[in-house]
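The values are calculated or read from the model by the stated rules, or taken from the named source; none is laboratory data. This structure is a prediction, so every number in the text was calculated from the model and none was measured. FYI the Cβ positions are ideal-geometry reconstructions off the backbone, even for glycines, and counts take in every protein chain you see.
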Amino acid sequence: MSSATPSAPVASGTIKQISGLPLLGNALEFQKDRLALLCRVARECGEIGGFRLGPVPVVMPNSAELIEQLLIDKGDEIHRGRFFDAFIPVLGTHSILTRDGEYHRQQRKLHMPAFAPRRLPRYAEAMVRCTRQVLDGLQDGQEVDMEHVMGRVARLIAAATLFSIDEGPLVSHFQKAISVVEAYVAHAMSSLVQIPLSWPTPANQRARAAISELRRRAEEIVAEYRKHGEDKGDLLSMLLQARDENGEALSDEQLRDHAVTIYIAGQETTAVALTWMAILLAWHPEIQARARQQVDEVLQGREPTAEDLPRLSYLLQIVKETLRLYPPAAAIGRETLEEVELGGYRLPAKQFIMISPYTLHRVARYYPEPERFIPERFRPEEEKQRPRNAFLPFATGVHTCMGNHFALMEMQLSLASMLQKIHFELVPGQDIRPKLLITVKASSARFIIRHRTDVS
């Protein structure tokens with residue numbers, strides 16, 4: 001957050017505030033350990049509380065009922081606000097993640113056909129193929145950083161389903177640039193004094209060069225698609241065919257920003273979720289064994305397909321329970337456009353709001369023994385008993401992630417492919433903790449690759 005951000009008035013009423021330092025409030029806690037700060041607010045304040053980032057008060061609702069009231073019932077009175085300012089230089093002014101209002105609604109409508117459930121099976125083959133490609137390169141007994149392994153799986157799937165390309169120089173160039181811009185965004189989002197990107201500091205110069213590289217590569221891909229006009233059945237092909245109510249197609253600049261956004265958002269969050277899933281299964285070998293048994297019974301040694309997903313129900317429960325414990329987007333920022341009443345409290349216009357799926361998913365009345373890994377929580381009959389907004393790995397309301405079904409299918413198919421080939425086994429002695437930068441990453445994820453010997 002920038003020091004130039006004006007101080008918003010505190011919400012009226014008696015919203016409980018956690019203690020903080022004079023002037024700085026809880027800014028140092030936010031910079032040091034964001035998850036610990038969010039958990040402290042939830043622990044000390046309950047369903048709604050507050051903290052301060054310097055002069056800026058932040059309200060944090062932490063119940064499904066309040067979040068539904070805020071993002072569903074009053075969705076038109078809430079927008080992303082300045083929490084997303086740091087993403088604009090990276091994703092562009094046309095990105096669906098950096099815009100609100102009518103433009104966002106229009107672009108969302110144009111994107112939806114690409115993520116329609118009827119199209120998802122077309123992406124399944126690529127998801128399995130890319131996962132197998134990575135697995136085939138792993139040696140038995142090899143020690144690996146699982147974050148790197150899952151990152152490669154997610155990058156290959158993103159490139160194949162978005163651009164219909166395999167791993168190569170383009171993916172390598174993209175990833176090098178993404179690593180730089182992710183560091184820039186993580187720093188910008190946690191800084192009370194944000195140095196403008198235009199200033200010629202070494203970090204800014206690296207960020208600007210990486211952003212230029214991302215855009216240039218995306219522009220080259222869009223130009224190539226324009227030149228040939230071929231429908232490859234991928235996401236970019238769908239966006240090229242999209243037309244608004246007036247029959248207008250997306251511009252090259254819009255296509256560039258959308259392509260960069262989908263690629264970065266898709267591969268980063270999936271890689272994080274897959275890494276945590278591997279860690280949780282390694283911590284719970286009995287759950288890993290049960291999942292593998294289901295995979296063997298359903299697939300009988302063949303590769304999984306989209307048609308197999310309903311019968312791989314336990315894997316979906318594992319995926320969802322992983323997203324409950326470690327949602328990649330652990331903090332969602334919003335801002336009021338006008339005065340809003342929330343749970344009997346009056347929130348003024350320009351009130352900063354932080355919603356944390358990480359803390360919401362640990363509310364015991366929704367999830368008894370919330371720190372335990374229990375996939376059975378997501379059996380259909382149990383899911384129906386919880387409020388619909390007690391599970392928010394993909395946000396909710398007008399900004400619900402359009403790729404939610406795509407991501408669930410991707411993780412389910414990738415997990416099935418992995419369980420057919422390897423056992424998840426951690427290198428002993430690691431102190432694995434979650435750390436929130438842009439997404440919730442693991443502090444360590446060293447694994448020993450163990451190939452299955454009971455299958456050919």
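Below, the figures for the structure above:
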item: Candidate set: region 382-438, residues that are closer than 21 Å to Val295 by Cβ and among the small types (Gly, Ala, Ser); chosen: the one modelled with the lowest pLDDT; result: Ala407
item: Flag if Phe51 is part of a helix (DSSP H, G or I) and either touching a strand residue (DSSP E or B) at 6+ places or on another chain (Cβ under 7 Å) or of a type in the set (Ser, Thr, Tyr) (or both); result: no
item: Selected residue (criterion: surrounded by the fewest Cβ atoms within 10 Å (Cβ to Cβ)) from residues of region 95-125 that are among the polar types (S, T, N, Q) and closer than 19 Å to Asn246 by Cα; result: Gln106
item: Flag for Arg256 being under 30 Å from Leu436 (Cα atoms), among the basic types (Lys, Arg) and in contact with a helix residue (DSSP H, G or I) (Cβ under 6 Å, 6 or more places away or on another chain); result: yes
item: Residue under evaluation Ile72, criteria (1) out of contact with any helix residue (DSSP H, G or I) (no Cβ under 8 Å at 6 or more places or on another chain); (2) surrounded by fewer than 16 Cβ atoms within 10 Å (Cβ to Cβ); (3) among the β-branched types (Val, Ile, Thr), criterion not met; result: (1)
item: Helices (runs of 4 or more DSSP H) enclosed by region 179-295 - at least 1 residues per element that are of a type in the set (Asp, Glu); result: 202-228, 252-283
item: Within region 374-390, considering residues that are under 20 Å from the mean Cα position of the chain (by Cα) and farther than 17 Å from Leu312 by Cα, the one surrounded by the fewest Cβ atoms within 10 Å (Cβ to Cβ); result: Arg388
item: Scan of region 426-440 for residues that are assigned to a loop (DSSP other than H, G, I, E, B) and either in contact with a helix residue (DSSP H, G or I) (Cβ under 8 Å, 6 or more places away or on another chain) or acidic (Asp, Glu) (or both), ordered by number; result: Asp431, Ile432, Leu437, Ile438, Thr439
item: Identity of the residue in region 19-46, more than 24 Å from the chain's Cα centre (by Cα) and assigned to a loop (DSSP other than H, G, I, E, B), that ends up nearest to Val363 (Cα to Cα); result: Gly46
item: Qualifying residue in region 448-456 (condition: in contact (Cβ under 8 Å) with a residue 24 or more places away in the chain, in a strand (DSSP E or B), under 30 Å from Ile332 (Cβ atoms) and in contact with an Asp or Glu (Cβ under 8 Å, 6 or more places away or on another chain)); result: no
item: Sole residue being crowded, with 18+ Cβ neighbours inside 10 Å, in contact with a Pro (Cβ under 6 Å, 6 or more places away or on another chain) and either over 24 Å from Ile48 (Cα atoms) or not hydrophobic (A, V, I, L, M, F, W, C) (or both), chosen from Pro348, Pro357; result: Pro357
item: Any pair with Cβ under 8 angstrom, 6 or more apart, that starts in region 247-265 at a residue that is in contact (Cβ under 8 Å) with a residue 12 or more places away in the chain and ends at one that is crowded, with 24+ Cβ neighbours inside 10 Å and in a loop (DSSP other than H, G, I, E, B); result: Asp257/Ser95; His258/Ser95; Val260/Ser95; Thr261/Ser95
item: Count of residues meeting criterion [of a type in the set (Val, Ile, Thr) and outside any helix (DSSP H, G or I)] in region 296-315; result: 1
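Yes/no matrix, rows are residues, columns are (1) under 16 Å from Leu274 (Cβ atoms); (2) loosely packed, with under 15 Cβ neighbours inside 10 Å; (3) of a type outside the set (Lys, Arg):
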site	(1), (2), (3)
Leu426	yes, no, yes
Arg433	no, yes, no
Ile438	no, no, yes
Ala442	yes, no, yes
Ile448	no, no, yes
Thr453	no, yes, yes
